[in-house]
1. Under a plain spin-label model, where a point goes 7 Å from the Cα along Cα-to-Cβ, how far apart in nm are Lys32 and Ala187?
2. With the cut-off at 15 Å, report for the range 140-181 the share of all Cα pairs above it, as a whole percent.
3. If you project the alpha carbons of the range 93-248 onto the principal axes, what extent comes out on each, in Å, largest first?
4. State, in angstrom, two size descriptors of the range 1-73 derived from its alpha carbons: Rg to one decimal place and Dmax to the nearest whole number.
5. How compact is the range 44-103 by the rule of thumb for globular proteins, expressed as Cα Rg over 2.2 N^0.38 Å?
6. How much length is gained if the chain between His152 and Ala87 is pulled fully straight, taking 0.36 nm per residue apart and subtracting their Cα-Cα distance, in nm to one decimal?
7. So if a site counts as exposed when it's one of the GluC sites (Glu not before Pro), its DSSP state isn't H, G, I, E or B, and it has at most 15 other Cβ atoms within 10 Å, what's the longest stretch of the chain without one?
8. Out of the total accessible area of the chain (probe 1.4 Å, heavy atoms of protein only), what percent is carbon and sulfur?
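The values are calculated or read from the model by the stated rules, or taken from the named source; none is laboratory data. These numbers come from a predicted model, not from an experiment. FYI the Cβ positions are ideal-geometry reconstructions off the backbone, even for glycines, and counts take in every protein chain you see. For accessibility, only protein heavy atoms count, side chains too; no ligands or nucleic acids. Shrake-Rupley method; radii C 1.70, N 1.55, O 1.52, S 1.80 Å.
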Amino acid sequence: MKPLIAGNWKMNGSLAANAALVKAMLDGLDGKTPAADMALCVPAPYLAQLQSQLTGSAIAWGAQDVSSHEQGAYTGEVSATMLKDFACRYAIVGHSERRQYHGETDLLVAEKARLALAHGITPIVCVGETLAEREAGQTEVVVKRQLAAVIHAVAHCTSEIVVAYEPVWAIGTGKTASPDQAQQVHAVLRAQLAAATQHPERVHILYGGSMNAANAASLLAQPDIDGGLIGGASLKAADFLQIVASAH
Ligand code: 13P
């Protein structure tokens with residue numbers, strides 16, 4: 001299975017900056033097949049721009065969230081069918097910033113994952129513990145609880161999701177989980193997937209949290225780390241391409 005390196009731009013960008021960043025990535029690839037599958041998850045208003053710049057290229061695109069409702073009176077929400085209109089391949093669900101700042105629960109995240117899949121969009125399901133939870137020895141319990149809700153909701157489609165382990169204490173802090181720390185949690189998640197699907201090896205389990213050009217290779221060398229979900233470093237073409245190149 002080819003690794004997957006996905007960028008999460010978060011709430012960054014502008015038409016002009018995106019055009020330059022995407023062009024630099026495409027120029028860097030120079031028409032060659034990258035060592036990893038690549039995707040960029042961007043703010044919803046820029047999906048049309050990414051679609052027009054990336055169609056026919058090696059880079060897929062996606063959203064950073066999706067509504068848990070099909071349609072209707074949900075001001076500010078963006079539905080899965082709307083994302084489909086812009087040919088999104090992926091939608092991040094349950095990012096810790098949404099769990100923290102928008103009160104998203106395990107159940108809501110699971111419903112978002114279910115709806116994305118139902119509309120042919122691959123959910124990138126984020127799980128991860130806070131520093132307090134890690135220090136209290138709760139890491140395993142927390143990530144398993146978060147993933148269990150999604151497995152319960154998507155049932156026989158479990159092998160079609162992407163999982164991203166993002167320890168909250170490593171996001172945007174410059175503190176990366178060590179390869180061993182990350183591998184330990186990824187193995188737990190793989191075992192949980194194995195109990196739910198016949199093909200746990202088909203599920204990409206990405207690591208996210210201060211992954212960068214310097215530390216990517218050692219993380220990606222771990223047996224259960226199948227790629228990365230990259231925040232800050234996905235805003236720099238050279239860094240992002242370096243991470244992609246370090247995947248095997
Ligand atoms: P950073 O790579 O900026 O730490 O962000 C990680 C992340 O949250 C990706 O979703």
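1. According to this spin-label approximation, the distance is 3.4 nm.
2. 53 percent
3. 37, 33, 26
4. According to the Cα coordinates of the range 1-73, Rg and Dmax are 13.4, 45 Å.
5. 1.20
6. 20.7 nm
7. Longest gap between qualifying sites, sites excluded: 78-248.
8. 55 percent
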